Amino acid sequence: MQTTYRRRQWMNNTAFALTGLCALITLGILFFVLGYVTYHGFSSLSWDFFTKLPKPVGETGGGMANAIVGTFKLIGLASLVGLPLGVLGGIYLAEYGKGNTAGFLVRYSADVINGVPSIVMGIFAYTVVVLPMKHFSALAGGVALGIMLIPIAVRSTEEFLKLVPMAIREAALALGLPQWKVIVRVVIPTSMKGLLTGVLLDLSRVSGETAPLLFTAFGNRYWSAGWMNPISSLPVMIFTYAVSPYEDWHRQAWAAALVLLMIVLATNVGARVLMRNQVKVVA
Amino acid sequence: MPLTTASVPLPSPPPSPTLPRERTKYSSGGWGDTLFKNLTLIFALSILGIALAIAWELYKNSALPRHAFGWSFLTRQIWDPVAEDFGALPFIFGTLVSSALALLMAIPLGVGVAIFLAELAPRKVSSACAFLIELLAAIPSVVYGLIGIFVLVPFMRVYVQPFLMKTLGFLPLFHGPAYGVGMLTAAVILAIMIVPFITTISREIFLSVPIALKEAAMALGATHWEVVRLAVLPYSRSGIAGSVFLALGRALGETMAVTMVIGNRPEIMASLLAPGYTMAAVLANEFTEATSDLYVQTLIEIGLVLFVITIAVNAIGRLILYKMNPHAESH
């Protein structure tokens, strides 16, 4: 009797100690990755990195000014392509798409797009933009990233609009407003913060994507004029530099990784702090 | 929308001279409603259109290899761009094996963290940790690849692989020279990347286990761990399965980190320490170098195969989660 009890007690302690160990390992990995990138990134970061173009192969020095600008250009283009579709689609789902066939199909296809591997999204943009134009372009990269924005934008818009209490809509309808004005003037402003959160999280997710850009935006060692030329981006530069044999390029890859990580995590954490306040207000 | 129609039929108002004006006003609102509804509907339906277009473009642009190789494309081991003779088996093998290995590591780790967060950690610590673990999912895959190349690969080559060869070397699974890169290294990176998916969903499911179930087990004298084992885990089994399928969908399509550490050799090797190749990795490496139409379209066909596999895996995962709780919103 006593020994069974001891054994069960021992089992209890061991099992929970193991789960604690799992948590420690996982958090340890997170802090290791953040710390390692910060350490190596900071020691390689310089003013040149933000202001200069990449040097020709073999020369040391230079920076990634064009890749930093390129990343923001691509994200801007992706927002233009993806956000209107995602947000308006989400409005449809929340306001008109409950329990009908169109709503089901749209929700299902958003899930499908969400599951498509990012590299396959690159192939799609390649076949619809690069093949007809016959050359790589910022536009193709923007289309690939823009489509990747859609599923999360749809989902978060739908969820945040649903959080707006029915009573608020009914009050506005009772005052005689047509439904579309209720949506545009009452429902959307009420959930504005939530919508912004969703969009920011979405942007943070795609701004680190590399695979869809490899054969759409391609890369460029110079400034890229307009939207129809190949364009450089931080993630693709990190990949190219990391697999290269040059010591100096490895150093710059770490610096680029730090800058990219800052952009991605700042957006991500900012959005989630915003959301925390939002949830408090609704609750 | 039931909002616009009153549930109680109103008595029709007596005809009056003001009525026509009222009616125009009302119908102008109706006109705006129709316009707005249809506008959002068009945008919503174009999402459906894009999903269909992705499938169609992949299918249409892989016609050449489908005619040249037929179904045997999926079962042949040859990859010879010079002679233009292609078979996708090494890539399919590499994708499936690396993802399966990653799951073997990520499931215990992810579920362990979820149990810790849901059962042991105080509420505040738990949500703070959940926040941090979601950050793990936000780190771009190319940054994992960078860490993989410069930290994990040397670590595997110097410590892990020699150790495995010494202790388990009698198995063909752990034969061969320690390259550092290889199937096992890719699986480790993948496991780290998918743990957040398993942990986040599992934690939410553990937290939603009815308290009465746990109290019943406690009342019978179960230790806390026995409560977890007998009440919490069986109740959440299908939910965990759903999260595992979603994580698997992510692992199968993961490109950059895997490309950077798997070694990129299109051969099927028995050893987990040997270099391999995955479908996503071959696309990343060879797409811009493919010169002939047949070569490009063969790569697109690999994309099609990857697309079909991930869609199926994701659909299974969502179905499981949906069946478990039809009202929960999926992520």
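If A:THR190 satisfies all but one of (1) more than 9 Å from every other protein chain (Cβ to nearest Cβ); (2) hydroxyl-bearing (Ser, Thr, Tyr); (3) touching a residue at least 40 places away in the same chain (Cβ under 8 Å), what's the number of the condition it fails? Of (1) more than 9 Å from every other protein chain (Cβ to nearest Cβ); (2) hydroxyl-bearing (Ser, Thr, Tyr); (3) touching a residue at least 40 places away in the same chain (Cβ under 8 Å), only one is false for A:THR190: (3). For the range A:193-210, the set of residues classified as part of a helix (DSSP H, G or I), of a type in the set (S, T, N, Q) and either under 13 Å from A:ILE75 (Cα atoms) or within 12 Å of another protein chain (Cβ to nearest Cβ) (or both) consists of A:SER204, A:SER207, listed by residue number. Is it the case that some residue within the range A:232-240 is more than 11 Å from every other protein chain (Cβ to nearest Cβ) and not aliphatic (A, V, I, L, M)? Yes: one or more hits. Please go through the range B:135-173 and give me each residue that is within 20 Å of B:PHE91 (Cα to Cα) and more than 10 Å from chain A (Cβ to nearest Cβ), ordered by number. Across the range B:135-173, the qualifying residue is only B:LEU173.
With a requirement of 3 or more residues that are within 19 Å of the chain's Cα centre (by Cα), under 21 Å from A:ILE119 (Cα atoms) and hydrophobic (A, V, I, L, M, F, W, C), the helices (runs of 4 or more DSSP H) lying completely within the range B:187-286 that satisfy it span B:233-253, B:256-261, B:279-286. Taking the criterion of being in contact (Cβ under 8 Å) with a residue 60 or more places away in the chain, under 14 Å from A:THR210 (Cα atoms) and of a type in the set (S, T, N, Q), the residues of the range B:250-288 that qualify are B:THR255, B:THR259. Of all the residues in the range B:219-229, those that are crowded, with 17+ Cβ neighbours inside 10 Å and more than 9 Å from every other protein chain (Cβ to nearest Cβ) number 1. Cβ-Cβ below 7 Å, separation at least six or inter-chain, first residue in the range A:244-265 and within 11 Å of chain B (Cβ to nearest Cβ), second at pLDDT 95 or above and not in a helix (DSSP H, G or I): which pairs? From the range A:244-265, the pairs are A:LEU260/B:PRO140; A:LEU261/B:ILE139; A:VAL264/B:PRO140. Does A:THR71 meet the test of being among the hydroxyl-bearing types (Ser, Thr, Tyr) and under 25 Å from the mean Cα position of the chain (by Cα)? Yes, satisfied.
Considering A:GLY58, A:GLY63, A:GLY41, the condition of being away from every other protein chain (no Cβ under 14 Å), surrounded by 16 or more Cβ atoms within 10 Å (Cβ to Cβ), more than 30 Å from A:GLY194 (Cβ to Cβ) and not polar (S, T, N, Q) is satisfied by A:GLY63 alone. Regarding B:PHE116, is this residue free of Cβ contacts under 8 Å to residues at least 60 places away in the same chain and under 24 Å from the mean Cα position of the chain (by Cα)? Taking the combined requirement at face value, the residue satisfies it.
Right, A:VAL106: assigned to a helix (DSSP H, G or I) and crowded, with 23+ Cβ neighbours inside 10 Å or not? Yes: the conditions hold for A:VAL106.
There is at least one residue in the range A:166-188 that is of a type in the set (S, T, N, Q), in a helix (DSSP H, G or I) and in the same structural domain as A:VAL269 (by TED's automatic domain parsing).
Looking across B:LYS37, B:LYS60, one residue alone is touching an Asp or Glu at 6+ places or on another chain (Cβ under 9 Å), among the charged types (D, E, K, R) and either surrounded by 10 or more Cβ atoms within 10 Å (Cβ to Cβ) or at pLDDT below 95 (or both). It is B:LYS37. Restricting the search to the range A:132-151, which residues are under 24 Å from A:PRO189 (Cα atoms) and either out of contact with any Gly (no Cβ under 7 Å at 6 or more places or on another chain) or not in a helix (DSSP H, G or I) (or both)? Within the range A:132-151, just A:PRO151 meets the criteria. With respect to being facing chain A (nearest Cβ under 8 Å), touching a residue at least 60 places away in the same chain (Cβ under 8 Å), more than 22 Å from B:ILE149 (Cα to Cα) and under 22 Å from the mean Cα position of the chain (by Cα), B:GLY303 fits the description. Considering only the range B:46-67, I want to know if a residue exists there that is over 30 Å from A:GLN179 (Cβ atoms), outside any helix (DSSP H, G or I) and away from chain A (no Cβ under 14 Å). So far as the range B:46-67 goes, no, none of its residues is over 30 Å from A:GLN179 (Cβ atoms), outside any helix (DSSP H, G or I) and away from chain A (no Cβ under 14 Å). If the condition is being away from chain A (no Cβ under 11 Å), surrounded by 15 or more Cβ atoms within 10 Å (Cβ to Cβ) and of a type outside the set (A, V, I, L, M), then the range B:85-113 contributes B:PHE86, B:GLY87, B:PRO90, B:PHE91, B:PHE93, B:GLY94, B:SER98, B:SER99. On inspection, A:TYR126 fails the criterion of being surrounded by fewer than 23 Cβ atoms within 10 Å (Cβ to Cβ), assigned by TED's automatic domain parsing to the domain that holds A:PRO212, part of a helix (DSSP H, G or I) and of a type in the set (Ser, Thr, Tyr). The set of residues in the range B:230-252 being within 13 Å of chain A (Cβ to nearest Cβ) and of a type in the set (Lys, Arg) consists of B:ARG250 alone. Among the residues examined, B:GLY176 does not qualify as of a type in the set (Gly, Ala, Ser), outside any helix (DSSP H, G or I) and within 13 Å of another protein chain (Cβ to nearest Cβ). Pick from the range A:73-103 the residues that are farther than 25 Å from B:MET256 by Cα, more than 7 Å from chain B (Cβ to nearest Cβ) and among the β-branched types (Val, Ile, Thr): which of them is surrounded by the most Cβ atoms within 10 Å (Cβ to Cβ)? Result: A:VAL87.
Select from the range A:156-165 the residues that are out of contact with any Ser or Thr (no Cβ under 8 Å at 6 or more places or on another chain) and assigned to a helix (DSSP H, G or I) and write down the one among them that is nearest to the other protein chains (Cβ to nearest Cβ). The residue in question is A:GLU159.
The values are calculated or read from the model by the stated rules, or taken from the named source; none is laboratory data. Quick caveat, the model's predicted, so the values are computed rather than measured. Here Cβ is always computed from backbone atoms with ideal geometry, including for glycine, and neighbour counts include all displayed protein chains.
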